[in-house]
Amino acid sequence: MPATAYAEINLDAARHNLLKVRSCAPKAKIMAVIKANAYGHGLLRMANALDNADAFAVARVDEGVRLRQAGIKQRIAVLQGFTDAEELQHLIDYQLEAVVHYYHQLDIIESWQGQDTLRVWLKIDTGMNRLGFKVADVEAVYQRLRQCKAIKQPINFITHLASADDKASVFTPQQIKLFNGAVALYEGGRSIANSAGILAWQDAISDWVRPGIMLYGISPFPDSAGIKLGLDPVMSLHSKLIAVKPVVQGETVGYGNSWVCDKTTTLGVVAIGYGDGYPRYAKSGTPVLVNGRRVPLIGRVSMDMITVDLATQPDAKPGDKITLWGNGLPVEEIADYADTIPYTLVCGVTQRVQFVEKSTLREI
C-alpha cells in the first residue's frame, strides 16, 4: 500500500551534482561522502548512483562493511577510524581505509601481526579541535606509522575545515597553510576540501576532495540554495491534503492556540508532522506547496499533521499533492524558517516515510 508521505529521490540529480564536483576540481580524485545513510538519502542507493566516484567516505566501520557486503568495489575510507582491535579486523577483512586520529589507534596497529594490509589517512588537526593530531606531533606519529608492518605505504593525509562555509573566513586560509606546511616533506595523498572548500576555496583542492552536502543538491553556504550554485536537489518530500475546512475570525488553530485567525479563511490539514521528520519548530508562515503553489503553514507542527492557510487556493481538496521541500521550494528555505540547517532536515526523515525513485516512483 503506498504511503501518504513519501520522499522522492532523483538519482539523475545526484549524478549531475557529481559532475559539478568534477568541473570544480578537474584534477582531483573524488571521495564521495555518504555517511549517515547518505545524508538521509539511502546509503546503498547513493553508492550505486554515484558509481563514478573514485572512493567513498563513511563515518563508521559498520557503514563501510554494509557497502562491501552489497558489492561496492571503490575505495572506502572510514572517517572515525576504529576504536578497538575488533573494528580494526573488520577494516582489514573488508579492505576499508582507516583515518588515524588518536594515539590509542597507534597502539592497536602496532600490536597487529599482519603485514601491508591496511591503508590509512593520518588526520591532522589544523584548528577544528575534534579529531586529529596537532601539527607538532605529526612527525612522531608519521614515523610510528611508517614502522608498522600492517600499514600500506605511502601514508595519506587529511584535515577538516571548520569555517569553509564562511567565504570571508580568515581562519580557512590559515588551516590550509598549516596543513600544507605539515605535509610538505611527505609522500602520500592529501585531502582538505569538503563541499564548501570545493566551491569557495580553490587552495583547498588537493589530491582528493570530499564532497558531502553538495552531492545531494544542497548548498553548504547559509546565504544560498543549491540550485543557485548549479546543483540539483536530490530529495523532495511530499504528502497530501486530508481535510479542508473553514475557520472564522477569532478561532485558533492547533496546540497552544498559538495561531489566531484574523479573518475567515479555509484551512487545509496535511498528513505530515514531526513523526515523519518535518521540523517541529517550523514557524507559522513557512511555505508549503499545494499543487505547486505556495501557501503558509499556520499553527504548530504536530506529530502527524500540519495545517496550512488555503485562502489563495479555493479549489484545493483532500487528496491534492503537497510538497514540503524540493523543486520550487528549497530545503534550505525550510531550514531557515525552522532555525536549523538543511542537513538536519534531510537526515531526519523517518522510517514512516516511503522512499521512491523519481524515474520509476517505485518503493525502495
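The values are calculated or read from the model by the stated rules, or taken from the named source; none is laboratory data. The structure displayed is predicted, hence computed values, not measured ones. Reconstructed Cβ throughout: ideal geometry from the backbone, glycine too, with neighbour counts over all protein chains shown. Surface areas here come from the heavy atoms of the whole protein model, side chains and all, with no ligands, DNA or RNA. Shrake-Rupley method; radii C 1.70, N 1.55, O 1.52, S 1.80 Å.
The orientation-averaged projection of the convex hull spanning the C-alpha atoms of the stretch 1-134 amounts to 10.8 square nanometres. Histogrammed with a bin width of 10 Å, the alpha carbon distances of the stretch 35-87 distribute as 25, 60, 14, 1 percent, first bin at zero. The stretch 207-239 and the stretch 306-325 have Cα centres separated by 27 Å.
Grab the Cα-Cα distance for ASN257 and HIS104, subtract it from 0.36 nm times how many residues apart they are, and report the gain in nm with one decimal.
On the way: separation 153, 0.36 × 153 = 55.08 nm, distance 5.44 nm.
Contour length minus the Cα-Cα distance gives 49.6 nm.
Among beta bridges identified by DSSP and lying wholly in the chain, the antiparallel ones come to about 55 percent. Per-peptide packing, taken as the mean over residues of other Cβ atoms within 10 Å, places 245-255, 115-125, 2-12 in the sequence 115-125, 2-12, 245-255 from highest down. With distances taken between every two different alpha-carbon atoms, the stretch 46-125 has a Kirkwood hydrodynamic radius of 12.9 Å.
State the Kirkwood hydrodynamic radius of the stretch 253-364 in Å, one decimal place, computed from all pairs of distinct Cα atoms. Before the final figure, lay out each step's value.
Working: mean 1/r = 0.0685 Å⁻¹.
Evaluated on the stretch 253-364, it is 14.6 Å.
Hydrodynamic estimate: the Kirkwood radius of the stretch 214-260 over Cα pairs, inserted into Stokes-Einstein at 20 °C and 1.002 mPa s, corresponds to D of 149 µm²/s. When the chain is treated as a GNM with alpha-carbon contacts under 10 Å, the residue of LYS73, LYS177, LYS263 showing the greatest mean-square fluctuation is LYS263.
Averaged over all directions, how much area does the convex hull of the C-alpha atoms of the stretch 84-145 cover when projected, in nm²? Could the numbers behind the result be given before it?
On the way: hull surface 17.0 nm².
Its Cα hull, projected and averaged over all orientations, spans 4.2 nm².
Relative contact order of the chain: 18 percent, from C-alpha pairs under 8 Å at least 6 residues apart in sequence.
Step through the table entries LYS29/LYS152; LYS317/LYS358; LYS27/LYS167; LYS29/LYS177; LYS283/LYS321; LYS167/LYS358, compare each Cα-Cα distance with 28 Å, and write down the pairs that go over it.
Details: LYS29/LYS152 19 Å; LYS317/LYS358 24 Å; LYS27/LYS167 23 Å; LYS29/LYS177 21 Å; LYS283/LYS321 21 Å; LYS167/LYS358 34 Å.
With Cα atoms farther than 28 Å apart: LYS167/LYS358.
Using a 1.4 Å probe on the protein chains only, how many percent of the accessible area of the chain belongs to carbon and sulfur? Solvent-exposed carbon and sulfur of the chain make up 50 percent of the total.
Dividing the mean sequence gap of close Cα pairs (under 8 Å, 6+ apart) by how many residues the stretch 149-260 holds gives a relative contact order of 18 percent.
Per residue, the chain exposes 46 Å² of solvent-accessible protein surface, assessed with a 1.4 angstrom probe and all protein chains in place. Amide H contacts for ALA77 (H built 1.01 Å from N in the peptide plane; partners 5 or more residues away or on another chain; cut-off under 5 Å): PHE56, ALA57, VAL58, GLU97. Scaled to the globular estimate 2.2 N^0.38 Å, the Cα spread of the stretch 111-220, given as radius of gyration, is 1.14. In the stretch 1-104, Cα pairs under 8 Å separated by at least six residues give a relative contact order of 20 percent.
Seen from every direction in turn and averaged, the convex hull around the alpha carbons of the chain projects onto 19.8 nm².
Taking the radius of gyration and the Kirkwood hydrodynamic radius from Cα positions alone, what is the Rg/Rh ratio for the stretch 187-334, to two decimal places? Mind showing how you got there, number by number?
Values: Rg = 19.6 Å, Rh = 17.2 Å.
Taking Rh as the inverse mean 1/r over Cα pairs, Rg/Rh reads 1.14.
Distance between the modelled labels on ARG68 and ILE92, one decimal in nanometres: 1.1 nm (7 Å Cα→Cβ projection).
Using a cut-off of 15 Å between beta-carbons, work out the net charge of the residues near ILE322 (Lys and Arg +1, Asp and Glu -1, ILE322 not included).
On the way: positive: LYS240, ARG293, ARG294, LYS317, LYS321; negative: GLU8, ASP276, ASP304, ASP309, ASP315, ASP320.
Summing Lys/Arg as +1 and Asp/Glu as -1 gives -1.
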